[in-house]
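The values are calculated or read from the model by the stated rules, or taken from the named source; none is laboratory data. Because the structure is predicted, anything quoted here is derived from the model rather than measured. Here the Cβ positions follow ideal geometry from the backbone for every residue, glycine too, while neighbour counts run over all protein chains shown. Just so you know, the surface numbers come from the protein's heavy atoms only, side chains and all, with ligands and any DNA or RNA stripped out. Shrake-Rupley method; radii C 1.70, N 1.55, O 1.52, S 1.80 Å.
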Amino acid sequence: MSKEITSKDIKFMPAEWEKQSAIMLTWPHKNTDWLPILNRITETYTEIVSKIIPEEKIIIVAPDTNIVKRIISSKIHNADQSKIFYFECPTNDTWARDHAFITLKDNEKMYYLDFKFNGWGEKFASDKDNNINKQLFATGILKGEYINHLDFVLEGGSIESDGKGTVFTTTNCLMAPHRNQPLSKNEIENKLKLFLKAKRIVWINHGNLIGDDTDGHIDTLVRIAPNDSILYVSCSNKEDPQYYELKAMEEELTNLRTIEGHPYRLLPLEAPSPIYYEGERLPATYANYLIINGAVIVPTYGQDDKDRKALETIASAFPDRIIKGIDSNNIIIQHGSIHCCTMQLY
């Protein structure tokens with residue numbers, strides 16, 4: 001059963017740019033869909049580690065941690081292994097954003113919320129990934145209280161917090177089949193408010209990326225930044241099948257107001273030019289960046305002009321952070337990007 005958090009001192013779900021204790025990664029291996037490009041994706045994950053480790057600690061989950069240790073030791077020169085906690089357990093896949101803990105905190109204590117992960121609406125196997133959190137918490141590495149919400153399906157990529165009591169999500173995802181039916185939208189909203197200590201839930205009703213397995217995760221479309229700023233995927237090419245949905249989403253955001261009643265500062269991220277793999281269009285997006293202590297790690301796609309503009313736009317939203325780009329063409333083959341691969345813990 002879910003445990004209700006009743007402390008009046010608990011903050012709202014933190015904004016991603018608040019001080020973090022670690023980033024969690026779930027490592028690719030031969031028994032995942034990464035097998036055909038395992039060497040390439042391992043290189044990309046190693047680069048992600050190299051960008052994070054100067055800024056904060058890392059938790060790496062893998063079925064065989066010795067393999068990962070050897071890779072990191074050989075690829076990242078002078079890597080501070082004391083900043084990496086390796087946890088060995090079975091995994092289905094690698095999408096830590098959607099199976100890892102969602103953190104709430106007060107001034108002194110962390111609350112690690114464990115929601116049910118069911119493979120984005122029972123599309124993919126998820127039994128092993130859904131058991132990671134309980135096993136990880138049992139190691140004692142996370143200092144706080146475990147909160148069991150395994151009777152409610154919620155993926156970390158489907159919610160975005162401003163740290164002030166507003167949580168953003170998408171109707172397409174949370175109302176998609178095989179998640180929390182037969183709950184109504186109003187019932188789901190009430191549960192989100194209760195579980196995440198939110199004052200309000202903002203539902204985004206438009207926006208679609210071709211090839212997206214998640215039914216429209218907010219972190220592929222709309223991201224919240226400091227000073228009431230919103231970065232969002234835009235499309236200027238009317239011939240692109242995504243154009244009209246993304247334009248409708250932009251209009252939604254234009255009409256949106258902060259909890260204080262003010263317009264948001266809107267920062268468009270022009271979508272990458274279409275990327276294909278084996279004839280299939282992939283859901284490439286610059287919005288799937290990761291905020292860490294002191295830096296923002298941004299996906300790039302080998303499209304110089306668009307990559308540069310995306311990096312500049314994200315830098316304008318986070319002027320106090322270093323912007324680190326990582327080529328994400330390997331990650332997008334499995335329909336995700338940097339934010340999907342990672343989860344911040346507080």
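Any residue that is more than 24 Å from Y346 (Cβ to Cβ), at pLDDT 95 or above and charged (D, E, K, R) - is there at least one of those in segment 224-235? No, segment 224-235 has no match at all. For segment 91-106, name all the residues that are farther than 22 Å from G157 by Cα and modelled with pLDDT of 95 or more. Once the filter is applied, which keeps residues that are farther than 22 Å from G157 by Cα and modelled with pLDDT of 95 or more, segment 91-106 yields nothing. Which one is farthest from F12 (Cα to Cα), of the residues in segment 95-111 that are acidic (D, E) and open to solvent by 20 Å² or more (accessible area, probe 1.4 Å)? Among those residues, the one meeting the criterion is E108. When K193 is tested against the conditions (1) over 20 Å from the mean Cα position of the chain (by Cα); (2) part of a helix (DSSP H, G or I); (3) without any contact (Cβ under 8 Å) to a residue 40 or more places away in the chain, the lone failure is (1). Against the criterion of being of a type in the set (D, E) and surrounded by 16 or more Cβ atoms within 10 Å (Cβ to Cβ), E160 qualifies. The residue list I332, I314 contains one member that is without any contact (Cβ under 8 Å) to a residue 60 or more places away in the chain, open to solvent by less than 10 Å² (accessible area, probe 1.4 Å) and outside any strand (DSSP E or B), which is I332. Here segment 30-47 is the region considered, the condition is being in contact (Cβ under 8 Å) with a residue 60 or more places away in the chain and of a type outside the set (S, T, N, Q), and the residue that is most open to solvent (accessible area, probe 1.4 Å) is R40. For segment 239-268, a tally of residues being over 21 Å from P226 (Cα atoms) and among the aromatic types (F, W, Y) returns 2. Looking only at residues in segment 57-86 that are touching a residue at least 24 places away in the same chain (Cβ under 8 Å) and farther than 18 Å from P28 by Cβ, the one that is least open to solvent (accessible area, probe 1.4 Å) is A79. Each residue in segment 217-234 was checked for being out of contact with any Asp or Glu (no Cβ under 8 Å at 6 or more places or on another chain), open to solvent by less than 10 Å² (accessible area, probe 1.4 Å) and not in a strand (DSSP E or B), and 1 of them qualify. In the set (1) open to solvent by 70 Å² or more (accessible area, probe 1.4 Å); (2) within 28 Å of D327 (Cβ to Cβ), the condition left unmet by G207 is number (1). Looking at this structure, is I52 touching a residue at least 60 places away in the same chain (Cβ under 8 Å) and either open to solvent by 10 Å² or more (accessible area, probe 1.4 Å) or under 21 Å from K143 (Cβ atoms) (or both)? It is true that I52 is touching a residue at least 60 places away in the same chain (Cβ under 8 Å) and either open to solvent by 10 Å² or more (accessible area, probe 1.4 Å) or under 21 Å from K143 (Cβ atoms) (or both).
Taken over segment 141-162, the criterion of being among the charged types (D, E, K, R) and farther than 25 Å from I84 by Cα is satisfied by D151, E160, D162. Test E122 against the stated conditions and say whether it is surrounded by fewer than 18 Cβ atoms within 10 Å (Cβ to Cβ) and under 12 Å from T26 (Cβ atoms). The answer is no for E122. Taken as a whole, the condition of being assigned to a helix (DSSP H, G or I) and charged (D, E, K, R) does not apply to R179. Collect the residues in segment 127-157 that are in a loop (DSSP other than H, G, I, E, B), closer than 25 Å to L290 by Cα and open to solvent by 20 Å² or more (accessible area, probe 1.4 Å), keeping them in residue-number order. Correct list: K128, I141, K143, G144.
Of the residues making up segment 165-184, those that are within 17 Å of M249 (Cα to Cα) and not hydrophobic (A, V, I, L, M, F, W, C) are T169, T170, T171, N172.
When segment 235-281 is filtered for residues that are under 24 Å from the mean Cα position of the chain (by Cα), of a type in the set (S, T, Y) and either in a loop (DSSP other than H, G, I, E, B) or surrounded by 18 or more Cβ atoms within 10 Å (Cβ to Cβ) (or both), the ones remaining, listed by number, are T258, Y264, S273.
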